[in-house]
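Trainee: Below is one structure. I have some questions about it.
Quick note: the coordinates plus some simple rules give every number you see, no bench work behind them. Every value quoted in this text rests on a predicted model; they were computed, and no experiment measured them. Neighbour counts are summed over all protein chains in view; Cβ atoms, including those assigned to glycine, are modelled from backbone coordinates with ideal geometry.
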Amino acid sequence: MANSINWGKIYDSTYWGVGVTSNTINWGKSYSDIAETSVVPSLLSILEARSTYYENAAATTTLLTNLENIDL
Amino acid sequence: MANLLEKASIVLTPTGYSSGAIHNVKPNSSPFGDLTKAGGTVATRVNSSGLIETATNNIPRIDYASGSGNILVEPASTNLLKYSEDFTARSGVGSLNNVTVTSNATTDPTGGNNGSLVTLSANAYANKNITMTANETTYSIYLKSPTVAGTYPLNWFDGSHHRQLVNVTTEWQRIQITFTPNAGSSVSRFVYFGDNRGGLGETLSSVYVWGGQVENKEYASSYIPTTSTPITRSAESYLDGGDVSLINSPSGVLFVERQCFDSGVNDRIQITATGRNENISVSIYGTSLGANYLRIKNSTSNFFRLFGGLKTNMEKLAVKWDGTSVKLFREGVLVDSGTLSGGFTSNQLTEIHLTTGEGFNGRLKQLIVFKEALSDAEIIALTS
């Protein structure tokens, strides 16, 4: 889930490294270790691999992301 | 704490499919619990580019006619209108009076070049003969103005003329007229793709036409091309999804976002016992009176409750059962609750069907199963 708490928000947009989840650079890697990541890309990748036909991925991404964001 | 995507055991959206199956997004490992597609001859759909295209036999259809992608499930239907893309005069099929038809005049809704230009002079009519019964009937036809938006006169005839103006724009639109012809059998019956004899004050005398269809339905189903004879698209069904490992019988949630087509029949989406056994089942269904209903059947009781709303609207509906407690949610609101005598025992519910018995026909945007009784707040968020 995206961090929306004041200064904590910098972690989803920090300059250091090549991205929060793909950072491999020394201490910058600590961000990827604690970052919350979406499982949606992985689910869709598996779905696409076992489907002869695959479409409408943007709409499904929205639906799945909405589900992922309901965390009460 | 887990989010609803993590908690869901089955998630079906209109995205991945293969011949004979529509694939679940979740689970992502076997058993996948995919629904199997059966029946259905060659049929058409509106693809993501907005073009009509043919889906071959046994291939699920994701249809975008409503503006977004949905799994399309349709009953059998017959296009009674012959030569559905040819509007020239043909003996015994249709006639023209003071009408000019230019075939292959523009790009048609398939992306081909088969749109015909129909131009009406004074006292003009253009029709096709139809053998119509006294059942509810829908006449549909694609129209597009070659110039500006305006009104254009259509008509249907069952011994009396029923002329009416329809709005036509400079984009292809499927015009639909639903009616019930009289019961007489001896009169000639026609639908008209132009008739200015009524003096209705139309603003357009020329339109592009394509893809006529007449069927015994209260709505226009997906387009069925014809030539010399009426063509029937057979019913399709989606069966045998789910798995005992993906459904928790004593407590769970079934959520659907769907729209039914026909207000006059029952449309069930359900979880059943093994063998499509509806005597043990949780069913979200649209009734033959047009309402959204819940039916739960176990070994001791039948539980019926109303969700509210209209089944022909695209709506989010969810049912939570937890032991003997049942709650119904629609569009973000807890609408009703009750007691299911006896509840379910472990492993009673094992299968998901869009179509068994009184099967679902309509558009399905999402179907989700949870193996636990979510909180009311979670389901309100889910259905909002």
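Trainee: Taking the alpha-carbon centroid of each part, what is the distance from the stretch B:38-66 to the stretch B:204-257 in angstrom?
Mentor: 9
Trainee: Then there is this: Between the stretch B:352-374 and the stretch B:132-174, how many Å separate their Cα centres?
Mentor: 35
Trainee: Could you line up A:R50, B:R295 from fewest to most neighbouring Cβ atoms inside 10 Å?
Mentor: Ranking A:R50, B:R295 by Cβ neighbours within 10 Å, fewest first, gives A:R50, B:R295.
Trainee: Could you tell me whether the stretch B:78-145 comes out rounded, prolate or oblate from its Cα gyration tensor? Rule is a ≥ b ≥ c as square roots of the eigenvalues, rounded for a/c under 1.5, then prolate if a/b exceeds b/c, otherwise oblate.
Mentor: Verdict is oblate for the stretch B:78-145.
Trainee: State the answer as a single residue: which of B:T203, B:S49, B:L382 lies farthest towards the positive end of the charge dipole of chain B, with beta carbon charges of +1 for Lys and Arg and -1 for Asp and Glu, about the Cα centre.
Mentor: The Cα lying farthest towards the positive end belongs to B:T203.
Trainee: Hey, how much of the P(r) for chain B falls beyond 27 Å, as a percent of Cα pairs?
Mentor: 53
Trainee: Return the long-range amide H neighbours of B:R189 (sequence gap of 5 or more, or a different chain), with a cut-off of under 5 Å between placed amide H atoms.
Mentor: So B:R189 has HN proximity to B:I130.
Trainee: From the cross-link list B:K327/B:K371; B:K7/B:K320; B:K297/B:K327; B:K37/B:K365; B:K7/B:K37, which pairs have alpha carbons spaced over 20 Å apart?
Mentor: Checking Cα-Cα distances, B:K7/B:K37 exceed 20 Å.
Trainee: To make sure I understand, if each residue's beta carbon is the centre and we count other beta carbons within 10 Å, what order do B:E378, B:E358 fall in, fewest to most?
Mentor: Result, fewest neighbours first: B:E358, B:E378.
Trainee: Can you work out the Karplus-derived ³J(HN,Hα) for every residue in the stretch B:279-291? Use 6.51 cos²θ - 1.76 cosθ + 1.60 with θ = phi - 60°, whole Hz, and x for glycine or proline.
Mentor: Going residue by residue, I get 6, 10, 6, 10, 10, 9, 9, x, 7, 6, 9, x, 9 Hz, with x marking Gly and Pro.
Trainee: Taking a ≥ b ≥ c as the square roots of the eigenvalues of the Cα gyration tensor of the stretch B:220-331, is the shape rounded (a/c under 1.5), prolate (a/b larger than b/c) or oblate?
Mentor: Prolate.
Trainee: Hey, what do the phi angles of the stretch B:70-84 turn into as Karplus ³J(HN,Hα) couplings, whole Hz, using 6.51/-1.76/1.60 and θ = phi - 60°, x for Gly and Pro?
Mentor: Going residue by residue, I get 9, 6, 9, 10, 10, x, 5, 7, 10, 7, 7, 8, 7, 6, 5 Hz, with x marking Gly and Pro.
Trainee: Further question: Counting just the Cα atoms, what span does the stretch B:1-155 cover along each of its three principal axes? Round to the nearest Å and put the largest first.
Mentor: Principal-axis extents of the Cα atoms in the stretch B:1-155, largest first: 73, 35, 27 Å.
Trainee: For the protein assembly as shown, what value does the Rg/Rh ratio take when both radii are computed over Cα atoms and Rh is the Kirkwood radius, given to two decimals?
Mentor: Result: Rg/Rh = 1.06.
Trainee: While we're looking at this one, here's another question. Enumerate the amide H contacts of B:I352 below 5 Å, restricted to partners 5 or more residues apart or on another chain; note that Pro and chain-start residues carry no placed amide H.
Mentor: HN-HN under 5 Å from B:I352: B:D240, B:G241, B:G242, B:T272.
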